[in-house]
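The values are calculated or read from the model by the stated rules, or taken from the named source; none is laboratory data. Bear in mind the structure is a predicted one, so any value in this text is a computation, not a measurement. Cβ: placed from backbone, ideal geometry, glycine included. Neighbour counts: every protein chain shown. These accessible areas exclude ligands, DNA and RNA; they are computed on the full protein's heavy atoms, side chains included. Shrake-Rupley method; radii C 1.70, N 1.55, O 1.52, S 1.80 Å.
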Amino acid sequence: QVQLVESGGGLVQTGASLRLSCAASGRTFTNYAMAWFRQAPGKGRLFVAAISWSGTSTHYADSVKGRFTISRDNAKNTVDLQMSSLKPEDTAVYFCAARAGFMSASAVGYDDWGQGTQVTISS
């Protein structure tokens, strides 16, 4: 099992930037692809971005492509999500997740999740 702790959420205005970070512990970090998902009030958990174990491959939801960047530091066991040009529709709780093996845009297979961090974008 991988323990995940997110940080960096907050309240910002439309157009601002925000950086989320997820710290992992408990297992060999490089055994896992990592991803960010988000969940808005009253809605399901949606894929945002994923990164392979090596960091050489990434994948983004169309809604954030060009605005968000996922990265990881395998020496520090962290994965970050740099968010820019934020919009009110980006408001959600953001979750970090770990998946043994290959990255995926589906929540299926991500067995370990953080507690989430709230991101609120004011208009």
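Number of residues in segment 46-73 that are of a type in the set (Val, Ile, Thr), within 25 Å of residue 13 (Cα to Cα) and not in a strand (DSSP E or B) equals 1. Right, residue 49: within 13 Å of residue 4 (Cβ to Cβ) and within 10 Å of the chain's Cα centre (by Cα) or not? For residue 49, the condition - within 13 Å of residue 4 (Cβ to Cβ) and within 10 Å of the chain's Cα centre (by Cα) - is not met.
Given the criterion in a strand (DSSP E or B) and open to solvent by 80 Å² or more (accessible area, probe 1.4 Å), identify the matching residue among 27, 19, 38.
19
Residue 43 meets all of the listed conditions (1) outside any loop (DSSP other than H, G, I, E, B); (2) of a type in the set (D, E, K, R); (3) free of Cβ contacts under 8 Å to residues at least 60 places away in the same chain but one, namely (1). When 67, 99 are checked against the criterion of being free of Cβ contacts under 8 Å to residues at least 40 places away in the same chain, among the charged types (D, E, K, R) and in contact with a strand residue (DSSP E or B) (Cβ under 8 Å, 6 or more places away or on another chain), 67 stands alone in meeting it.
Can we say residue 76 is closer than 15 Å to residue 4 by Cα, of a type in the set (Lys, Arg) and outside any strand (DSSP E or B)? It would help to see each step written out before you state the result.
Details: closer than 15 Å to residue 4 by Cα: yes; of a type in the set (Lys, Arg): yes; outside any strand (DSSP E or B): yes.
So residue 76 fits the description; yes.
When segment 106-123 is filtered for residues that are in a strand (DSSP E or B), within 22 Å of residue 52 (Cα to Cα) and open to solvent by 30 Å² or more (accessible area, probe 1.4 Å), only 113 remains.
Determine if segment 92-105 includes at least one residue that is assigned to a loop (DSSP other than H, G, I, E, B), open to solvent by 50 Å² or more (accessible area, probe 1.4 Å), farther than 22 Å from residue 17 by Cα and not acidic (Asp, Glu). Yes.
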